[in-house]
There are 2 protein chains.
Amino acid sequence: MDVIEVIRAKRDGHRLTPEQIDWVIDAYTRGEVAEEQMSALAMAIFLRGMDRAEVSRWTEAMLASGERLDFTGLDRPTTDKHSTGGVGDKITLPLTPTVAACGGAVPQLSGRGLGHTGGTLDKLESIPGWRASLSTAEMRRVLEETGGVICAAGAGLAPADRKLYALRDVTGTVESIPLIAASIMSKKLAEGTGALVLDVKVGSGAFMKDVASARELARTMVDIGTDHGVRTVALLTDMSTPLGRRVGNALEVAEAVEVLSGAGPADVVGLTVALAREMLAAAGLTPGRGGVKDPAEALRDGSALAAWKDLVRAQGGDPEAPLPEAAERRVVLAPATGTLTRLDAYQVGLAAWRLGAGRARKEDAVSFGAGVTLHAKPGERVAAGEPLFTLHADEAARFDRAAQALEGSFDIGDDARHEPRPLVIDRIA
Amino acid sequence: MDVIEVIRAKRDGHRLTPEQIDWVIDAYTRGEVAEEQMSALAMAIFLRGMDRAEVSRWTEAMLASGERLDFTGLDRPTTDKHSTGGVGDKITLPLTPTVAACGGAVPQLSGRGLGHTGGTLDKLESIPGWRASLSTAEMRRVLEETGGVICAAGAGLAPADRKLYALRDVTGTVESIPLIAASIMSKKLAEGTGALVLDVKVGSGAFMKDVASARELARTMVDIGTDHGVRTVALLTDMSTPLGRRVGNALEVAEAVEVLSGAGPADVVGLTVALAREMLAAAGLTPGRGGVKDPAEALRDGSALAAWKDLVRAQGGDPEAPLPEAAERRVVLAPATGTLTRLDAYQVGLAAWRLGAGRARKEDAVSFGAGVTLHAKPGERVAAGEPLFTLHADEAARFDRAAQALEGSFDIGDDARHEPRPLVIDRIA
C-alpha cells in the first residue's frame, strides 16, 4: 500500500477503502507513515469529508491500534456519557454517582481541559488526595465497589488517536466532524461501555457553534456507536451560556456537591437528571423495576451523595476535606437594573481561563481555586451596583484581563424580551 | 503570526495576505513552521487554490529565501526556456547552442529526471567528462565564452522551493497548478534571466494530461513572470507521443547532435526552431538585424553545432568522444502492416524508465545507454515483422517488464484515419 495513493484518493474526492483505512492508521501508529503525510491526509479529509462507512472503519482502525477494556461480568450493565465540552460543564461529577446510585455502572475515562473549556480530571484533582491515574485492575475494582469510576485514559488506549489528535492540534485540522467523531468514539469504544449517551454542546462556549454542525456531529457519533454494537443516544444541549453558577475547578466541585445534596442550580440538576435517565434507558434499566431508582429520587434521598463520597474515597480523595480557595477576589458590579437577557459562555470561559482555571499548553498546571461565580443567570433580575460576577484568582494581577474578557459578555434589558432557551435542543438516536 | 491561523485561512477559502505568505515561507525555510504544518497548508492550497496576487507573492517569497544570480553586464541579452518535462524531450540540448549561435545568452539551470520523464543533466552527463556542477563564477565565464551554460542549480537558489518540493513529493500535493507554477518560476527568476519561454507539455507523457490544465498552468506562469518584470511567453506543445525517435540519455544526446548537424527528426527540429525564435523575440533580438541569425539558418550553417561543441568543452566534456552504449538490445517487431496511428508517450517513457534510463529515487544512478529507439512515428507506415522498437539496457533481465509497458502503447490502422496533431497547440503571452 502506498500512502501517496491514499492521500490522492481522498484529495480527489474518492471514498477510502477499508483496506486503505486500516493500513494508513496502522502504518501511522507504527511511524511508517510520516507526520507530514498524515497531516496532508487530515486536511484532505477536512475538505472532502468521509461517509458513514469510512468514519466507522476509521474509528475501528484507531480502536484496533490499542488495547480495549472489558467490563463484562460486572453485576450491572455499563453505561457512560461523553460531553463535547463546555463552560461550567461539571455534569460528570453529579451524574456518575447518580447513575451508580440508580443501578448502572459508569466506567468514565475523562480528560483535562485545554483552552476555554475545563476538564473533568482537573476539577476532581482539586479534591485533596484524589488520584486520576488508575491501573485497569484498580479501575475495575473501583467500578465494582462503587458503581462508578472517573479516571484518565491510559496510554495504551487508541494510541493512533492520541498521536493524530496532537498532530491535528498543530495543523489546523481539528474542526473536522468525521475526525472529531472518530476521535471521541475510538476512546469511548476502547473504554468497553455497553451503552453511551453523548452530550453534544452547541453555542458560543462549545466547539460546535451552530445547531446544524452539532446535529451532524451527533448523528455521526451515534452511527459509529450503533455500527459497533453500543447503544448510543445523543442530546444536543445549549452552551450559549455557562452551565450552573460556578466556572472553575474547585468552584464546580462545590456546585456538584450542592446538586448531589438535592439543591443546586436548576440547569445543572435538569441536565444531570436528563442524561442519567438516558444512560439508564440505553443500558436497559427501567426505574421502578429490579431495584432501579429514578435519578431525581437518587438526588433527593441522599443515595447519589453517598455514592459520590464512596467514589471519591475509592480513588484516594477526602470528600469532607475543605476545597482549595483562590487567594484573591474581585467583584464585578451590574451597570444597570433589569433582566439579564444574555450571558455569553465563551467570554465567561475565557475569563475563567485568564484567571488561571485552565491551561494554555498541555504541560501547564491549573489553579484549583480560580474561576468565576455568576450572581445572575439569563432570565434573572439584576440591580445596578449589585454584584454580577465574583472573580477568583491566586494573583490579583490576573483580574484586569479577565474583566476585559467579560466586557460585552452580557445584556441587561427588558423583562418581557427574555425568552429562555431550552437546555435540551434535540435528541438523536 | 500564527501558522495555524494561516492554514485555517486557506482551508476556509480565504485569500492569504502578502504578510502571511512572506512569513510562512520564511518561517518554513528557517524550520519554525514544521513539515506537517506546511503539508497541511499545501493540501489546503491544492484544494482551495491561490489567485494571481497570491501566487506571485508566494513565488516572490520563495525567491527571497535564497540568492539570486545576476547576469546583467553581458554583451548580449539573456533568454531562457523551461519545459515542464516530457518523454524524449531533449530540446534543451539543440536549443541552447542554437540560440547562442543566433546572438542570445542562455543561462539554463536544469534538473535531473525522476519517474518516466528524463532530466537534461542526466542526458548531458552521458558525455564523457561533462560536469553539471559549476560555481556562479564558472557559470558566468562559460556563458560569456559560449553564449550558453547548462548546469545544476546550486543549493542557495530558492531553498524554500527545494524544501517544499521534497515535501510535496511525499504528501500527495505535487499536482497543484499554483504550487507547480511558483516552484518553476521561483527557480527561473532566481536564475536572473531577462526573458523566458515556457514549453508547457500536454498529453499522456506530460504532467498536464489535458489542454485546459496546461493552459491554466501556462497562464499562471506567464503572469508570475510578467509580474516580476521578465518577458515571458508560453507554448503549449503536444506530449501525447514522444519527441523524436530516441528516448534515453546518450540516445537523446546523439539525436540532438543530428539536429545540430542540420538533420534529425522533423518534430525535434520544428520545436527547437519555434522555441528559439520565441526566445530571441522575448529578448528583443530580431533575425537579420544587428548580426542576429535565424535559428533554422544556425542549424543549417554549422554555427549551432560549433556552439554546441564549445559549450560541451567549456564544461569539461569531449564532444567528439563516443557516447556510452547499453550492453544488451532487444527488438520488438510490428505485429501488423499499416499506418502507426498512435504511440503513447507515457508508456514509452515508462519502458525507458524500466530499462534503466530513469531513476525511482533521487539517490539512484541512471544508465546512460539505456532507452528506446522508435523505428516509426505516428503517421508513418509499418510492416508486420519489421522492427517497431529497439530496447537498450545494461541487463537483459530488464527487457520483459519494459516490453510489458509497451503493450497496447500503439495502434496500427488505416492510413486515412490518421490525423497528425499539431506540435504547437497554443501560444500564451
Cβ-Cβ under 8 Å pairs, at least 6 apart or on other chains, segment B:286-299 side among the hydrophobic types (A, V, I, L, M, F, W, C), far side modelled with pLDDT of 95 or more and part of a loop (DSSP other than H, G, I, E, B)
B:Val292/B:Gly103; B:Val292/B:Leu285; B:Val292/B:Thr286; B:Leu299/B:Gly262
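So for segment A:358-366 (the condition being of a type in the set (A, V, I, L, M) and more than 21 Å from the chain's Cα centre (by Cα)), does at least one residue qualify?
Looking for residues that are of a type in the set (A, V, I, L, M) and more than 21 Å from the chain's Cα centre (by Cα), one finds none in segment A:358-366, hence no.
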Name the residues in segment B:83-142 that are assigned to a loop (DSSP other than H, G, I, E, B), crowded, with 21+ Cβ neighbours inside 10 Å and among the polar types (S, T, N, Q), would you?
B:Thr84, B:Ser126
Selection within segment A:143-152 - surrounded by fewer than 17 Cβ atoms within 10 Å (Cβ to Cβ) and either part of a loop (DSSP other than H, G, I, E, B) or out of contact with any Leu (no Cβ under 8 Å at 6 or more places or on another chain) (or both):
A:Glu145
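State yes or no: is A:Ala263 surrounded by fewer than 24 Cβ atoms within 10 Å (Cβ to Cβ) and small (Gly, Ala, Ser)?
So A:Ala263 passes the test.
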If I filter segment B:328-347 for residues that are in contact with a Gly (Cβ under 6 Å, 6 or more places away or on another chain) and in a helix (DSSP H, G or I), do I get at least one hit?
yes
Test A:Arg245 against the stated conditions and say whether it is closer than 19 Å to A:Glu380 by Cβ and either of a type in the set (S, T, N, Q) or modelled with pLDDT of 95 or more (or both).
yes
Tell me which residues, restricted to segment B:370-400, are surrounded by 14 or more Cβ atoms within 10 Å (Cβ to Cβ) and among the basic types (Lys, Arg).
B:Lys377, B:Arg398
For segment A:271-288, state whether one or more residues are modelled with pLDDT of 95 or more, of a type in the set (S, T, N, Q), under 17 Å from A:Thr92 (Cα atoms) and crowded, with 21+ Cβ neighbours inside 10 Å.
yes
Subset of segment A:77-103 [of a type in the set (Gly, Ala, Ser) and in contact with a helix residue (DSSP H, G or I) (Cβ under 6 Å, 6 or more places away or on another chain)]
A:Ala100, A:Ala101
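Determine, yes or no, whether B:Ala351 is within 22 Å of B:Thr117 (Cβ to Cβ), in a helix (DSSP H, G or I) and touching a strand residue (DSSP E or B) at 6+ places or on another chain (Cβ under 8 Å).
Judged against the criteria, B:Ala351 is a match.
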Take the residues in segment A:52-78 that are basic (Lys, Arg) and not in a helix (DSSP H, G or I); name whichever of them is modelled with the highest pLDDT.
A:Arg76
Condition check for B:Glu363: farther than 21 Å from B:Val197 by Cβ, surrounded by fewer than 19 Cβ atoms within 10 Å (Cβ to Cβ), modelled with pLDDT of 95 or more and among the charged types (D, E, K, R):
no
Scan segment A:298-339 residue by residue and report those that are surrounded by 13 or more Cβ atoms within 10 Å (Cβ to Cβ), of a type in the set (Val, Ile, Thr) and at pLDDT 95 or above.
A:Val312, A:Val332
The one condition B:Arg57 fails out of (1) among the basic types (Lys, Arg); (2) surrounded by 15 or more Cβ atoms within 10 Å (Cβ to Cβ); (3) over 27 Å from B:Val222 (Cβ atoms) is (3)
Would you check which residues across segment B:158-200 are more than 14 Å from chain A (Cβ to nearest Cβ), in a loop (DSSP other than H, G, I, E, B), surrounded by fewer than 24 Cβ atoms within 10 Å (Cβ to Cβ) and on the phi < 0 side of the Ramachandran plot and list them?
B:Glu191, B:Gly194
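If you go through segment B:1-29, how many residues are more than 29 Å from the chain's Cα centre (by Cα) and in a helix (DSSP H, G or I)?
14
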Are any of the residues in segment A:396-418 at positive phi and touching a strand residue (DSSP E or B) at 6+ places or on another chain (Cβ under 6 Å)?
no
Members of segment A:216-235 that are surrounded by 24 or more Cβ atoms within 10 Å (Cβ to Cβ) and assigned to a strand (DSSP E or B)
A:Thr232, A:Ala234
Show the residue pairs meeting these rules: Cβ distance below 6 Å; 6+ apart or different chains; first residue within segment A:176-203 and closer than 20 Å to A:Ile45 by Cβ and in the same structural domain as A:Ile150 (by TED's automatic domain parsing); second residue surrounded by fewer than 24 Cβ atoms within 10 Å (Cβ to Cβ) and among the charged types (D, E, K, R).
A:Ile177/A:Glu216
Among the charged types (D, E, K, R), buried (at least 24 other Cβ atoms within 10 Å of the Cβ), outside any strand (DSSP E or B) and in the same structural domain as A:Arg112 (by TED's automatic domain parsing): does that describe A:Glu252?
yes
Given (1) within 14 Å of another protein chain (Cβ to nearest Cβ); (2) surrounded by fewer than 24 Cβ atoms within 10 Å (Cβ to Cβ), identify the lone condition not met by A:Gly66.
(1)
Pairs please, first residue from segment A:1-24 and farther than 18 Å from A:Asp161 by Cα and more than 9 Å from every other protein chain (Cβ to nearest Cβ), second anywhere and surrounded by 15 or more Cβ atoms within 10 Å (Cβ to Cβ) and aromatic (Phe, Trp, Tyr), Cβ atoms under 6 Å, 6+ apart in sequence or on different chains.
A:Met1/A:Trp23
Residue by residue through segment B:34-51, note down the ones that are at the interface with chain A (Cβ under 10 Å from one of its Cβ atoms) and not in a helix (DSSP H, G or I).
B:Ala34
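The values are calculated or read from the model by the stated rules, or taken from the named source; none is laboratory data. From a predicted model like this one, the values you see are computed outputs, not experimental measurements. Virtual Cβ from ideal backbone geometry, glycine too; neighbours counted across all protein chains shown.
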